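Asker: Let me begin by handing over the structure; questions about it come next.
All of the numbers you see were taken from the coordinates with simple rules; none came from a lab. On a predicted model such as this, the values are computed, not experimentally measured, just so you know. Reconstructed Cβ throughout: ideal geometry from the backbone, glycine too, with neighbour counts over all protein chains shown.
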Amino acid sequence: MATGDRVGAPPLWPVEARLAALLPDLLVFRKPRGSEPELATAQGVLLGVHVTGFTALMDRFSLSCKSEHDMDKLAHIFSYYISDIVEHVLCFGGDILNITGNVLLALWTVEQNQLSDIITLVAKCSLEIQEKFGIYHTREGQDLQLKIGLSAGRISQVIVGDEQRQYLLVIGRDVDGVQLAQRLAQANEIVLSWNCWKLCEQYMFEVEIMREDEAVKLRDMRISDPFDFDEHFDKCLDYLPHYRTSADILRTALELDPDSALEQTLRKHIMKSLLKKIDEGQPMEYISEFRTVTTVLVSLELHKTEWMLHLCHLIQEAALYISTVIEKGGGQLSRIFMFDKGCMFLCVFGLPGDKKPDECAHALESSFSIFSFCWENLAETKLVSISITNGPVFCGMVGAIARHEYTVIGPKVSLLARMITAYPGLVSCDEVTYLRSMLPAYNFKKLPEKMMKNISNPEKMYEYLGHRRCIMFGKRHLARERNQNHPLLDREKELEAFQMAQQRCLHLKKGQAVLYEGGKGYGKSQLLAEINFLAQKEGHRGLPVTTVTFIRVLPLKLKEADSKQRFYAIQTLMAIFFEIDTCPACYRQECLFKQLHGMVEEPLHCLFNDLFFVKFPLSFRVSHMDDLARQKKVKACFFQVLQKAVRETPLIFLIDEAQYMDAASWEFLGTLLSSVPIIMVMTLTPTFTLCGWAQHFLQSPQAILVPISKLAETSLLRMACWELGVVSIPQELQIYLLRRCFGNPFYCEVLCQDLLSKNILLFHDLQKEEEETSKWETLSANAMKSTMYSISPASSEDQDLYVCTVKDDVNLDTVLLPPLLKEIAVNQLDQLNPEEQLLVKCAAVIGHSFHIDLLQHLLPGWSENTASPLRLREGLSLLQTEDLEFGVPLLREAAWELWPKAQQVALHLECACFLQDLACRCGSCQGGDFVPFHRFAICSAKSSSGTSRFCSYRDTGSILTRVITDKLQLPSPQANFQFQTKSPRSQEAFTNEHYRTEEEFLDQVNRRLAQTNLEKDMLTTKPCHCDEILKLVLSPLTQHCLVIGETTCAFYYLLEAAAASLDLSDNYMAFFYLRKASSLLGQPSAFSYLKKHKVKICQFEEATFCRLRSEVCFNMGQITLAKKLARQALRLLKRSFPWTWFGVIFQTFLEKYWRSCSQSQPLNNTNENKKKLAVLQQRVHCLSLLWQLYNLEATASSRRFACLATLMQKNSAKEFASEAQI
């Protein structure tokens, strides 16, 4: 029998093939019959494979609290495992009907007289699956095992849905039989249903009869000669018309000719969001993502009366209603599947392209609508249960290349079925959904805790009771309180607008409204808290005490649910005004009576019964009013009460999130503004569409709309210092915050809290006396404080002052966003079309700033012209002619986190390979490495160590795995630089002259430099662009290497970046890169003979590392450490520098006779020659640095050391010139 080898997906599949790979042959080769539901019956054999241990494995991952990383590992394990099983089933001619959760269902459709032969074939397939894949050992210690069930007989195929979306179901007694067989089987067992056992060739099987359960456990098959089964296999192929005809592909369905009618039929069975990506031509490996979604499972337990045809119409009716409601709420009905007692519908909110704000609230409201519909309209429904969860999942392809499905995998998906079992007959949700929905607490009821299978730590569960009208007011005041320790930043203009409105209201006796409009997180609530404080403060600036001694403020914060209750905002504001909003219900009527006494006639008190939930006696006058008259009278009473109140005390309404105000309340406030001298201050979010009455209110001459701008960079950094409790933050943390916040104070606050919770910052007492350190690893924060952003310390002299630094082993670029901010950014990303989303996701891998050519390298079909009008929408702004950067906060970080790990690594590798050729000096600097001859110095070590490559991946055949055969090599000495180096003619002339003294040597150097100044000015017509190379090439290149895990290459480019930073006089960034390099090497041992680096580096790189650190320490004023590191570098370069005066005398004697004592042999090997040049160049750098260090000290001993350094430098320069001439 021919076995199915793994096949790679061709680079370009036609649309029909891509659609067919997502669907079973049952749909691909069927003939549409007309109206839904379609019902067809056939004979066949069913194979059900259940992966046990998968839920327990997810539970282990969910306890580790590393959701994104764990989801990646979980998806990789499951997809790799299930892909092998899928391919094995395809090789035996099976048709994969679906992969639902951890269950795979396959079908062999044949005639009734062929069932016995096919049962033998499927039994053999099952035994091989158990033998090859029965146990899968995971590193987490949780084994995955298989339970297999077989059934045979009459299978009913049902297609439900409409012209837009359709779903395939298989139902019938024998479908129930395969599910029963799966449940009866233990791990690594195969169980046949009783009907399957009766139809098979029983003499060929070794079985154990399970009489109580009417099933049969398969032990083995009686096949004495393997060739006998090969003949049987060939015989069965005649029964399978769609079995593959080519050894290169596993399914005939993938080789069909283009057919527009077939394509339209297949498209109905695939979700819209996935279809858009297929139409855009996106590769399948780019489609999978990790994101947070809300999942809904609807379970209908049905009476088994009039089972078949009536059941189909019942499912059709339920499917149409559920899909309509779910899509209206922003979700999608993913799949429908049968279980022994009825039918289940899996719905998902927040799939790629569908993310919406208030996702959890929409899911809850849609679920309750479905729950009510099923109970009221589906007569045969025995029980309706719905469960809702929210959490991170894998959304993407699972299976083999020839047959895969788009699915969602995660602990919260597995929890759904457990909740259905634990809480039947309810609409239940987990605690995350309850909290994120932001719905009133009285719409929920906490459920008792129950044990759930394979769930070790079940969270709190809640029953959703539906949207109910508020029967009590509660505290609806402002969400934020004024922080006395953190003054409001950059809001002087906004506060001035309020103060001017207040002045106009008091002097002109006219109502005034100030509406602050700003995006989420711009500080609108904090601004209202500040206004609340200023308004209640006696005699604050702009209002003399003689004018006003007291102002009454009525604060209110609205929620989305409030917009659905008519007159709710005014109802609550007036309840606050009457001071009955928080009083007990039993005293509410008494309190309200005291407030109304003398202001509203007592017969009219009963008008407020429904508004404030009181029970005043119904008066004769009110009883004769209709509803409209009562509403008008209530408003008139409110106007009367407020007009009287403002004569005594000025009133200010503070309404936060006013976009959630109902239309009736807007109408009332508009009339109030024109008739009563009252001040209204509101906040609005610009993305919401306001009702007509709100638009009319904004057009009033007494209303002013004030846009809230983002914070300036300096203010944002000052805020970050306050949040972290420090007076100074390092440069890399500044970049981290500025790139993610873009002036949004809320983002800054959440990010700072996240950094503190993740414990990735170190805090240092600034008041401790700064001491010179003798170790690089303990270099104090005070040595870096001049390069940090700092704020003025508090006035208190006793307060401790701190600065913070980032831990050495932390890469801020890969720190995951807090879940709240990621949700906001993913919402923005999903507003783009699929092509734009892919563009942003690929750009996110490249980095914050990048060159257009690199984006074109990752997306060959993309061009600048097609994307130029999309830049503002996508958050990509044009830096220069060919450079782009992200211009929307959090978008790049959220898009990067969506990639599965395998695709992240693949794309980072592509970027690294592309940037590697550009990692050299600019043309104005004549090209070359920033560390001179760096690539030549490491070439021998590279070829011998074998560490200079990125990890490569073997082809697993999984749709999740991209085959990577490229290896990133360290820069080759044979590779030409982008720019040619300068001709060595001047070096030849230089070496032909001999100088007897140090002064003559230095004088000649000066003359040579003077002679070449004019020539250099003529050649260097272009400005230096090395700073752009550092920003756009070297710095991203180090990040790509670190993400991939290729530490050897990362170390190489970190040295290059540090050298480039020093060339550009950016000492702090050089320190930053060298600190990263230190973390790669690991902690040094106290004993030199125990020193062992985590990264294998050659001696030259270790010497360069010491030399660069020495230069950084010199610039920081750490003289002792700089001397120590320079000497260490020289020792590694086989050139010692003495410590004592006697050593100086001896070394000086050697150096003066250096040329006669050390005659170097010319080398024929060019690479070895350039390697020696690299060593000599580093020696010259080290000796020059030592000369500068000793010249700082005005002692005779230091002068001796400085003179020796100059002499050694001269000799090394001569040797360098001689080698360069060769």
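Asker: Could you compute the FRET efficiency for residue 303 and residue 187, with r as their C-beta to C-beta distance and R0 at 45 Å, rounded to 0.05?
Answerer: On the way: r = 34 Å, r/R0 = 0.76.
Plugging the Cβ-Cβ distance into 1/(1 + (r/R0)^6) gives 0.85.
Asker: Classify region 626-725: rounded, prolate or oblate, from the alpha-carbon gyration tensor (a ≥ b ≥ c, eigenvalue square roots; a/c under 1.5 rounded; otherwise prolate if a/b is larger than b/c)?
Answerer: Judged from the Cα gyration tensor, region 626-725 comes out prolate (a/c at least 1.5, a/b above b/c).
Asker: Next question. Using only the alpha-carbon atoms, what does region 550-597 span along each of its principal axes? Please give whole angstrom values in decreasing order.
Answerer: Here the Cα extents, ordered largest to smallest, are 32, 30, 17 Å.
Asker: log10 I(q)/I(0), Debye, Cα-only region 164-211, no solvent, q = 0.27 Å⁻¹?
Answerer: The computed values of log10 I(q)/I(0) come out as -1.12.
Asker: Equivalent ellipsoid semi-axes for region 1168-1213, as square roots of 5 times the alpha carbon gyration tensor eigenvalues: give them largest first, rounded to whole Å.
Answerer: Over the Cα atoms of region 1168-1213, the ellipsoid semi-axes are 25, 9, 5 Å.
Asker: Counting Lys +1, Arg +1, Asp -1, Glu -1, what net charge surrounds residue 44 among other residues with beta carbon under 15 Å of its beta carbon?
Answerer: On the way: positive: 30, 154, 173; negative: 25, 95, 111, 117, 174, 176.
Its environment carries a net charge of -3.
Asker: What are the semi-axes of the equivalent ellipsoid for region 207-350, taken as the square roots of 5 times the Cα gyration tensor eigenvalues, largest first, in whole Å?
Answerer: 36, 29, 17
Asker: If each residue of separation counts as 0.36 nm, what is the full-extension length gain between residue 279 and residue 820 once their alpha-carbon separation is subtracted?
Answerer: Extra length available between residue 279 and residue 820 comes to 191.6 nm.
Asker: Still on this model: Given labels modelled 7 Å from the Cα in the Cβ direction, how far is it in nm from residue 30 to residue 163?
Answerer: Here the answer is 1.9 nm between the modelled labels.
Asker: Still on this model: Express the C-alpha Rg of region 533-680 as a ratio against the empirical globular expectation 2.2 N^0.38 Å, rounded to two decimals. Kindly include the intermediate steps, with their values, before the conclusion.
Answerer: Values: Rg = 16.2 Å, N = 148, 2.2 N^0.38 = 14.7 Å.
So region 533-680 has a normalised radius of gyration of 1.10.
Asker: On a full-extension model of 0.36 nm per residue, what is the gain between residue 731 and residue 759, subtracting their alpha-carbon distance, rounded to one decimal in nm?
Answerer: 8.2 nm
Asker: Output the relative contact order of region 154-312, whole-number percent, from Cα pairs under 8 angstrom with separation of 6+ residues.
Answerer: Once divided by the residue count of region 154-312, the mean separation gives 16 percent.
Asker: Which percent of Cα-Cα pairs in region 484-527 sits in each 5 Å bin, short to long?
Answerer: Result, from short to long distances: 5, 19, 24, 21, 16, 10, 5, 0 percent.
Asker: Something else: Give me the percent of Cα-Cα pairs in region 68-200 that sit more than 22 Å apart, rounded to a whole number.
Answerer: Percent of Cα pairs beyond 22 Å in region 68-200: 42.
Asker: Sticking with the crude label model, points 7 Å out along Cα→Cβ, report the distance from residue 248 to residue 128 in nm, one decimal please.
Answerer: 2.3 nm
Asker: Within the set of other residues whose C-beta is less than 15 Å from the C-beta of residue 152, count the net charge using Lys and Arg as +1 and Asp and Glu as -1.
Answerer: -3
Asker: Could you work out how far apart the two model spin labels at residue 486 and residue 918 are, taking each label as a point 7 Å from the Cα in the direction of the beta carbon, and quote it in nm?
Answerer: It works out to 3.8 nm between the two label points.
Asker: Using 0.36 nm per residue, how much length does the chain from residue 602 to residue 550 gain when fully extended, once their Cα-Cα distance is taken away?
Answerer: That pair, residue 602 and residue 550, stretches by 15.8 nm at full extension.
Asker: Taking K and R as +1 and D and E as -1, what net charge do the other residues with C-beta under 14 Å from the C-beta of residue 455 add up to?
Answerer: Combined, the nearby Lys, Arg, Asp and Glu give +1.
Asker: A follow-up question, please. How many percent of all Cα-Cα pairs in region 401-456 sit more than 19 Å apart?
Answerer: 43 percent
Asker: Ok, one more. Ordered by packing density, taken as the mean number of other Cβ atoms within 10 Å over each peptide's residues, highest first, how do 310-321, 451-462, 894-905 rank?
Answerer: The densest-packed peptide leads the list: 894-905, 310-321, 451-462.
Asker: Can you give me the Kirkwood hydrodynamic radius for region 601-654, using every pair of distinct Cα atoms, in Å to one decimal?
Answerer: 12.4 Å
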